[in-house]
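Everything below concerns the one structure shown next.
The values are calculated or read from the model by the stated rules, or taken from the named source; none is laboratory data. Note that the coordinates shown come from a computational prediction; the quantities given were computed from them, not determined experimentally. For neighbour counting, all protein chains shown are included, and Cβ atoms are generated from backbone atoms with ideal geometry for every residue, glycine included. Note: accessible area is taken over every heavy atom of the protein model, side chains too, but ligands, DNA and RNA are not part of it. Shrake-Rupley method; radii C 1.70, N 1.55, O 1.52, S 1.80 Å.
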Amino acid sequence: MSKDFKRYLITSALPYANGPVHIGHLAGVYIPSDIYTRYLRLRGRDVISVCGSDEHGVPITIKAKKEGITPQQVVDRYHAIIKDSFEKLGISFDIYSRTSSPVHAETASAFFRKLYDEGKFVEQTTEQFYDEEAKSFLADRYIVGTCPKCGAEGAYGDQCEVCGSTLSPDELVNPRSTLSGATPVKRETKHWYLPLDKYEQMLREWILEGHKEWKSNVYGQCKSWLDGGLMPRAVSRDLDWGIPVPVEGAEGKVLYVWFDAPIGYISATKELTPDWEKYWKSEDTKLVHFIGKDNIVFHCIVFPSMLKAHGEYILPENVPSNEFLNLEGNKISTSKNWAVWLHEYLVDFPGKEDVLRYALCATAPETKDNDFTWKDYQARNNNELVAVLGNFVNRALVLTKKYYDGEVPACGELTDYDRDTIAELSSIKASLESNIENYRFREALKDAMNFARIGNKYLADSEPWKLVKTDAERVKTILNIALQITANIAVAIEPFMPFSAAKILNMLACEKFGWERLGAMDLLAAGHHIGEPSLLFEKIEDDVIQKQLDRLEEIAKQNKAAEVKAEPQKAECSFDDFQKMDIRVSTILEAEKLPKTKKLLKLTIDTGIDKRTIVSGIAEHFSPEELVGKQVLVLVNLAPRDFKGITSQGMILMAEDATGALRLLQPNEKTNNGAMVG
């Protein structure tokens, strides 16, 4: 039996401040977290939601170095972008903090110091790569070389981004430091480790025996880690960006970001309220971490071990984690710009914050990886939000304005159909609550939308626009019920689409209803005057979606071009061999397709020496019309060859670009035919 809690503490994975937030982050963490938090608030629960930017670590310093700015300037930029984007999307954190804040530095340092003073860490001296020219130890990402798996240049010390292989710096061929270009050497360095193996039995009992209700992906990954045996994990590293390790003899060392970042939940709560301890240290608090699946081990194995080692903190009751969201069939990649960035979406689709929230919740990868497509986004807006939800609300309000000058009519005697409809509506509430409380937000969204679906069917079946001519009293009851359903919709959709819920309440000219009133059919009193109706959602046209698809297509082309490798060098030729080639500037005089062929063009060429025929397999890349008059480079002393009974005397020089398209090699400016190249 589940425990009754006095309060709730909701945390959302700290986004890394080296780039903006994209739809994968939203679908995986932030929209589910916000739905759950808003639901608890509507139910009158004592709940706080905390988050903030994760601002330390190697990727920050790498980006700063690339851009020639300081790490602080990097995190200041992206913290502002992320915070602003969340606010505009309606993600309702009680606080959005940052790990570069003084409160966090103090909190993380004190946390480390307590464990250090109590002997909870293990000190180890190991050999790590060192740049003798830069006089700095090198994190894995500061070492690049040739990938031992695929041969790609520029592979990092932890991963090859070409083939995706996980690597170690020792595996790289010809490793070099990104700081100076020097070959790194091994040097001894001392660090502190959290002995996770000491907490393995505690974790087994707590997770494998005590939390079998956790989502299968979370439970399964935890079991895999525990079955594999836990090892001590470093909590410090050699870096000049981060929170300094607060002990003597630790100069040039900072807290490892995985140790530093989750403490950000505690420091953010400290910033929010002086009563922070009751949220972190009372068994009456339900702590829930919303995370992406790449953070499961940190929130279910590492952070709980830290909290247990400290001894004063509660452990999370649940750690809901979604799978990954893909984009148009391909994995979202920040390095390849294959993403829909939230801050850009907000500019491209003003006023459609709830459309994105709805689409991402409806396609959320709750049990397996899922795919976001712009066509599906458009269909959900046009076929569900506009045609179902928006259509019902608009009809209910417009008909009330038309027939009763905006005054809620009194409900008369109910028919069996009215009673069946009301009973169906009241049954939704239990399912909606169960789905939200068990983190099944896709199903919960369907429940919320069922209010509108039932309402639409009720109006379509009742046809008040026809009945008003023959039974005006009956129409009053129909529209009263329709308006009560509309008010219920404002309650049911608020966790999912807060802007639309507020808009409905504004059109109804009433204040927010509490969750306990959901399902009631007396939310609006007879005689209450509603406000002015307006469209809740607007149709999204094809050209708007095509613009987004075109943008992604251009990004795909750029990525493909970046991935193309040059062909290996051919066998060596002597200068005398090269001198034998006679390459001349020439002009194409005539061009025509060879009959019964797809690729061949017959060209008449003025080489400056003579006029000759060349047959070229370029018909799929150029039309005859666009070639006439162009100057090209021709190898004129190539041995003649016959094609379809035509003798070809020479070869036009071309290059194939990254997309596979052929490009003519041409002089930069018009030159006399016959000019030699060499």
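Apply the a/c threshold of 1.5 to the C-alpha gyration tensor of the range 563-636 and tell me whether it is rounded, prolate or oblate.
Working: a/c = 2.37, a/b = 1.34, b/c = 1.76.
Oblate, since a/c reaches 1.5 and b/c is not below a/b.
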Taking 8 Å as the Cα distance limit and 6 or more residues as the minimum spacing, I'd like the relative contact order of the chain as a percentage. 12 percent
What is the distance in Å between the Cα centres of the range 582-648 and the range 221-279? 68 Å
Compute the angle between helix 31-42 and the longest alpha-carbon principal axis of the chain, please, reported from 0 to 90 degrees and rounded to the nearest 10. 10 degrees
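Mind checking the range 2-46 for trypsin sites (Lys or Arg not before Pro) that DSSP puts in a loop (not H, G, I, E or B) and that have at most 13 other Cβ atoms within 10 Å? List each step's numbers first, then the result.
On the way: sites: LYS3, LYS6, ARG7, ARG38, ARG41, ARG43, ARG45; in loops: LYS3, LYS6, ARG43, ARG45.
Those satisfying the criteria are LYS3, LYS6.
Provide, as a two-decimal number, the C-alpha radius of gyration of the range 319-465 over 2.2 N^0.38 Å, N being how many residues it has.
Working: Rg = 19.2 Å, N = 147, 2.2 N^0.38 = 14.7 Å.
The reported ratio for this selection is 1.31.
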Restricting everything to alpha-carbon atoms, can you work out Rg to Rh for the range 239-302 with a Kirkwood hydrodynamic radius? 1.05
State, in angstrom, two size descriptors of the chain derived from its alpha carbons: Rg to one decimal place and Dmax to the nearest whole number. 33.1, 105
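Could you pull out the GluC sites (Glu not before Pro) across the range 170-221 that fall in loop regions by DSSP (anything but H, G, I, E, B) with no more than 15 other Cβ atoms inside 10 Å?
On the way: sites: GLU171, GLU188, GLU200, GLU205, GLU209, GLU213; in loops: GLU213.
The qualifying sites are GLU213.
Over the range 25-126, calculate the relative contact order: mean separation of alpha carbon pairs under 8 Å at least 6 apart, over the residue count, as a percent. Please list the in-between numbers first.
Working: 62 pairs, mean separation 32.2, N = 102.
Dividing the mean separation by the residue count of the range 25-126 yields 32 percent.
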Semi-axes, largest first, in whole Å: what does sqrt of 5 times each Cα gyration tensor eigenvalue give for the range 415-508? 27, 15, 9
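Using the Cα gyration tensor of the range 591-678, with a ≥ b ≥ c the square roots of its eigenvalues, what is the shape: rounded (a/c below 1.5), prolate (a/b larger than b/c) or oblate (neither)?
On the way: a/c = 1.65, a/b = 1.14, b/c = 1.44.
It comes out oblate by the Cα gyration axes.
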If you take the Cα atoms of the range 351-435, find Rg, then find the Kirkwood Rh from the mean of 1/r over all pairs, what is Rg/Rh? 1.09
If I take all pairs of Cα atoms in the range 525-678, what percentage of them are more than 22 Å from each other? 60 percent
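Can you list which of the trypsin sites (Lys or Arg not before Pro) found in the range 82-148 are DSSP loop residues with at most 12 other C-beta atoms within 10 Å?
Details: sites: LYS83, LYS88, ARG98, ARG113, LYS114, LYS120, LYS135, ARG141; in loops: LYS120, LYS135.
Counting only loop positions with at most 12 other Cβ atoms within 10 Å, the trypsin sites (Lys or Arg not before Pro) in the range 82-148 are LYS135.
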Mind listing P(r) for the range 480-564? All alpha-carbon pairs, 5 Å bins, whole percents. 3, 12, 18, 16, 10, 6, 6, 7, 7, 6, 4, 3, 1, 0, 0
For the range 308-394, max minus min Cα coordinate along each principal axis, in Å, sorted largest first? 55, 38, 26
On a 0 to 90 degree scale, rounded to 10, what angle separates helix 71-89 from the longest Cα axis of the chain? 50 degrees
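With both partners inside the chain, how many of the DSSP beta bridges are antiparallel, as a percent to the nearest 5? Walk me through the numbers on the way to the answer.
Working: 55 of 77 bridges.
So the antiparallel bridges in the chain amount to around 70 percent.
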So if I restrict to the alpha-carbon atoms in the range 424-569, what is the Rg, and what is Dmax, the biggest pairwise distance, in Å? 22.7, 88
Projected onto their principal axes, the Cα atoms of the range 123-266 stretch, largest extent first, over whole-Å spans of 52, 43, 26
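Under a 1.4 angstrom probe, counting protein chains only, how are MET654, MET306 ranked by accessible area, largest first? Walk me through the intermediate numbers first.
Working: MET654 50, MET306 0 Å².
Sorted by accessible area, descending: MET654, MET306.
With the convex hull built on the Cα atoms of the range 521-599, state its orientation-averaged projected area in nm².
Values: hull surface 69.1 nm².
Projected area, direction-averaged: 17.3 nm².
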Post the alpha-carbon centroid distance, the range 164-220 to the range 339-417, in whole angstrom. 44 Å
Mind listing P(r) for the range 23-180? All alpha-carbon pairs, 10 Å bins, whole percents. 9, 23, 28, 27, 11, 2, 0
Across every pair of different alpha-carbon atoms, what Kirkwood hydrodynamic radius in Å does the range 199-352 reach? 18.3 Å
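I want the local charge near LYS270. Using Cβ-Cβ distances under 11 Å, sum +1 for each Lys or Arg and -1 for each Asp or Glu among the other residues. Can you show the working numbers first?
On the way: positive: none; negative: GLU106, GLU271, ASP275, GLU277.
So the surrounding residues net to -4.
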Rounded, prolate or oblate, given the Cα gyration tensor of the range 18-111, with a/c below 1.5 counting as rounded? oblate
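If ASP170, ASP371, ASP354, ASP4 are ordered by their accessible area, calculated over protein heavy atoms with a 1.4 Å probe, which sequence runs from highest to lowest?
Numbers: ASP170 105, ASP371 50, ASP354 5, ASP4 140 Å².
Descending accessible area places them as ASP4, ASP170, ASP371, ASP354.
In a shell of Cβ-Cβ distance under 9 Å around ALA619, excluding ALA619 itself, what net charge do Lys and Arg (+1) and Asp and Glu (-1) give?
On the way: positive: LYS593, LYS598, LYS599; negative: GLU620.
Net local charge, ALA619 excluded: +2.
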Where nothing but the Cβ of Lys and Arg (+1) and of Asp and Glu (-1) is charged, how large is the charge dipole of the range 3-102 around its Cα centre, in debye to the nearest 20? 220 debye
